[in-house]
Amino acid sequence: MENSRTNHPKPISNKDSLCCLCEEPLKGYGHNAEPLASGRCCDNCNYSKVINKRLEIYYTTKKTFPYEK
């Protein structure tokens, strides 16, 4: 559910929502767990797993532009 004024998702209720990677309760909004999973993840998994995977994908698929040498 998005807030139409700010386009930000509404905070997630901790009692119902668990991290899709480690199953710990989410705090606040949680984070997008793509590309590791479809769903929301906790702060710890986002910083220790998701961001690292995104950087790995970026650096292994990065295209070289003609002006980059």
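The values are calculated or read from the model by the stated rules, or taken from the named source; none is laboratory data. Model, not experiment: these values are computed from the prediction. With ideal geometry, Cβ positions are generated from the backbone for all residues, glycine too; neighbour counts draw on all protein chains shown.
Can you name the number of the only condition in (1) surrounded by 13 or more Cβ atoms within 10 Å (Cβ to Cβ); (2) modelled with pLDDT under 95 that SER4 fails?
Only one criterion in (1) surrounded by 13 or more Cβ atoms within 10 Å (Cβ to Cβ); (2) modelled with pLDDT under 95 is unmet by SER4, namely (1).
Can you report the number of residues in segment 17-54 which are in a helix (DSSP H, G or I) and surrounded by 16 or more Cβ atoms within 10 Å (Cβ to Cβ)?
Within segment 17-54, residues that are in a helix (DSSP H, G or I) and surrounded by 16 or more Cβ atoms within 10 Å (Cβ to Cβ) number 4.
Residues checked against (1) of a type in the set (Ser, Thr, Tyr); (2) at pLDDT 95 or above:
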| site | (1), (2) |
| --- | --- |
| ILE12 | no, no |
| LEU21 | no, yes |
| GLY28 | no, no |
| TYR47 | yes, yes |
